[in-house]
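Some notes on the structure that comes next.
The values are calculated or read from the model by the stated rules, or taken from the named source; none is laboratory data. Bear in mind that the values here come from a model prediction, so they are computed numbers and not experimental data. Areas reflect the complete protein model, heavy atoms only, side chains present, ligands, DNA and RNA absent. Shrake-Rupley method; radii C 1.70, N 1.55, O 1.52, S 1.80 Å.
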Amino acid sequence: MKRKTLMVLCLMLVMAWLSGCATTEPSKTVPYRLSPQGTVIWEDEFEFMPPPPDWKLLRVEVGENDINFGFMKSDAGGYPSVTSFAYDEEPFGCATKFEQREKEFFKRFLFNAILQFQILERKNIRVVGGEGLVVTVEGKDPVKKEKVRAKVVFGKRGERVVGFYITQWRPMDGTYDLSAFEIFDKFVASFKFLKKSFYETL
């Protein structure tokens, strides 16, 4: 969800998440419905556990086969105290091997040229029913005196790499809220594909 990443998403359409209009019946105005189990069915393509109601839905439609969505929450503290996370069908790059895709991705993620990234953790995981890679980083902008902690999860949908990521922005002297990363982890762990992607049907 390119940047089109989460800071741009924060400027896009923000809808109240799980407001009174969210029901277990299909809706003509929202792209999701709730299952009897409390999960979200997104356009009959994805299923996942929603974050708490204080997270707002962020949605960007780029093309017929590119559906991007995420969630954001304003945090206590000085500007830019905000946390966002998202699912991305087409994370930066084109490599199908995780290690190579990671290198491609971080060249452009959050306008990498202005952020000094430090890798905090990198490990292999299981995600969306297969192998995956998770990378946690912290970036600092000494000019704007801002910092960001991000966690990026790469997985596979068919042969294509997909991504999940969370970014938490703070002033340089701000404190991160790691409980938001636990909410993100639950979202990723619950995520399921309900049908084949467009590319898998070609």
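Using the Karplus curve 6.51 cos²θ - 1.76 cosθ + 1.60 with θ = phi - 60°, work out ³J(HN,Hα) for each residue of segment 163-178 in order, rounded to whole Hz, and write x for Gly and Pro.
Each residue of segment 163-178 in turn: x, 10, 8, 10, 10, 10, 8, 8, x, 4, 9, x, 10, 6, 9, 6 Hz.
Report the Cα centroid-to-centroid distance between segment 86-100 and segment 130-153 in angstrom, as an integer.
Taking the Cα centre of each part, segment 86-100 and segment 130-153 sit 15 Å apart.
Taking a probe of 1.4 angstrom, what is the accessible area of Asp173 in Å², to the nearest 10?
Surface open to solvent at Asp173 totals about 140 Å².
When we measure straight from the Cα of Lys140, which aspartates and glutamates land under 12 angstrom away, once same-chain ones fewer than 8 places off are left out?
In chain and number order, the partners are Asp173.
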